[in-house]
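Read through the structure below, which is laid out as structure tokens, and then see the notes.
The values are calculated or read from the model by the stated rules, or taken from the named source; none is laboratory data. Source: prediction; values computed, not measured. Cβ: placed from backbone, ideal geometry, glycine included. Neighbour counts: every protein chain shown. What goes into the accessible areas is simple: the full protein's heavy atoms, side chains included, and nothing from ligands, DNA or RNA. Shrake-Rupley method; radii C 1.70, N 1.55, O 1.52, S 1.80 Å.
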Amino acid sequence: MFFFKKRNISEKEFEEQQKMQRGLEKTRTGFFQNILNTLTNCQIDDDLYNDLEEQLILADVGPACAVRLVDELRDEVEKNHLKTGEEALDALRGIICQELTPRYPLELDGHPAVILVIGVNGVGKTTTIAKLAHLYKEEGRRVMLAAGDTFRAAASEQLELWADRAGVPLVQAGQGADPAAVIFDAVKSATAKGYDMVIADTAGRLHNKKGLMDELGKISRSVKKASPEASLEVLLVLDAITGQNAISQAEEFCRAAGATGVVLTKLDGTPKGGCAVSVWENLGLPIRFVGVGEKIDDLMPFDAQTFVESLLPEVPAHKED
Ligand SMILES: Nc1nc2c(ncn2[C@@H]2O[C@H](COP(=O)(O)OP(=O)(O)O)[C@@H](O)[C@H]2O)c(=O)[nH]1
Ligand SMILES: [Mg+2]
């Protein structure tokens, strides 16, 4: 059985947890509160499993994923002779945590480490780039941005404002410039100037799958051409407010784009944060970051355990001082 490990946490981890709890407030006090209630002081029987399945679906976990999680829970309960709702709840925490734990690490060891941010319009790509720049700069990395969304003039201007705010340089070109050329220049410049990381914006327009594939293929090649030592992560940004809809629409898109991970934004704005749980099942991609607000420090590296502890807390979520 995958036991959900209770742990003693440091002050920093406690702060992270508080931030995640605030980000997940709507989800936690909504559908997941019902799940907590259902599993507190209950009888473990078929009705309970049916209720749970329904609640997981309402929480936007997605029907297929909800059915599988409840099946796994049933197995765990039987195998380990779990008797109480609290024991079953712990098993459920473990199952969800395992589901959310990335199967492979984020690749950032290239010179430079390149992160390409993709996704449809309005999901939060540009904001996420600013937040990533801030986060990695705080970690002591030298970050450069590339304005690969050359489709709209305003996109570059918006990124320029964020770059100033984050205090990092930006490589940009005029409207209509070739995004692969902009990103090539950024990677070249970063290599020459000793920057560790290039984070690149892209246009959200998805005329067709082939167009997208060609464009992203071209960008990947120009990254390698600019620096053979570069690593490349392609992060697909999904808006949690549109939840399961966004995930099913992203299925084809992410395969075409060769995405390597997901950033789930706007978790703070929805009671349906449960959609996070089905990202691996539907897209075969790990969640790397979550957006929990509009400010520059409202992005958190994704940690499955912190997420589950915030979603299904053991103690009342808010500590009284
Ligand atoms: N509440 C909230 N809003 C966000 C988050 N991320 C982005 N946004 C907002 O979403 C809107 C679109 O963001 P933008 O970065 O321009 O999206 P893009 O078109 O994908 O580049 C902006 O108003 C952002 O402030 C988040 O995590 N939480
Ligand atoms: Mg944008």
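Taking residues in the stretch 115-129 that are among the polar types (S, T, N, Q), and partners anywhere that are assigned to a loop (DSSP other than H, G, I, E, B), the pairs with Cβ atoms closer than 8 Å and at least 6 places apart or on different chains are N121/G204; N121/R205; T126/D149; T126/D201; T127/E294.
Of all residues in the stretch 114-147, those satisfying the criterion of being of a type in the set (S, T, Y) and in contact with a strand residue (DSSP E or B) (Cβ under 6 Å, 6 or more places away or on another chain) are T128, Y136. Mind listing whichever residues of the stretch 120-153 are more than 13 Å from I296 (Cα to Cα), more than 9 Å from ligand 2 (Cβ to nearest atom) and of a type in the set (G, A, S)? Once the filter is applied, which keeps residues that are more than 13 Å from I296 (Cα to Cα), more than 9 Å from ligand 2 (Cβ to nearest atom) and of a type in the set (G, A, S), the stretch 120-153 yields G140, A146, A147, G148, A153.
Out of the residues in the stretch 121-152 meeting the condition of being away from ligand 1 (no atom under 16 Å from the Cβ) and open to solvent by less than 30 Å² (accessible area, probe 1.4 Å), tell me which one is nearest to R288 (Cα to Cα).
Looking only at the stretch 121-152, we keep the residues that are away from ligand 1 (no atom under 16 Å from the Cβ), and these are 136-144.
Next cut, open to solvent by less than 30 Å² (accessible area, probe 1.4 Å) only: 136, 143-144.
Details: Y136: 14, V143: 18, M144: 20 Å.
If we take residues in the stretch 121-152 being away from ligand 1 (no atom under 16 Å from the Cβ) and open to solvent by less than 30 Å² (accessible area, probe 1.4 Å), then Y136 is nearest to R288 (Cα to Cα).
When E16, E99 are screened for being modelled with pLDDT under 90, at negative phi and within 19 Å of the chain's Cα centre (by Cα), only E16 passes. Residue under question is A155, and the condition is that it be more than 21 Å from the chain's Cα centre (by Cα), among the small types (G, A, S) and near ligand 1 (Cβ under 8 Å from one of its atoms); does it hold? Considered against the rule, which asks whether it is more than 21 Å from the chain's Cα centre (by Cα), among the small types (G, A, S) and near ligand 1 (Cβ under 8 Å from one of its atoms), A155 comes out as yes. Which count do you get for residues in the stretch 208-241 that are assigned to a loop (DSSP other than H, G, I, E, B) and either in contact with a Phe, Trp or Tyr (Cβ under 6 Å, 6 or more places away or on another chain) or within 16 Å of ligand 1 (Cβ to nearest atom) (or both)? Result for the stretch 208-241: 2. Within the stretch 162-178, the residues that satisfy the criterion of being within 24 Å of the chain's Cα centre (by Cα) and either within 14 Å of ligand 1 (Cβ to nearest atom) or assigned to a helix (DSSP H, G or I) (or both) are W162, A163, R165, A166. Considering the stretch 69-86, and only residues there that are among the charged types (D, E, K, R) and at pLDDT 95 or above, the residue that is least open to solvent (accessible area, probe 1.4 Å) turns out to be E76.
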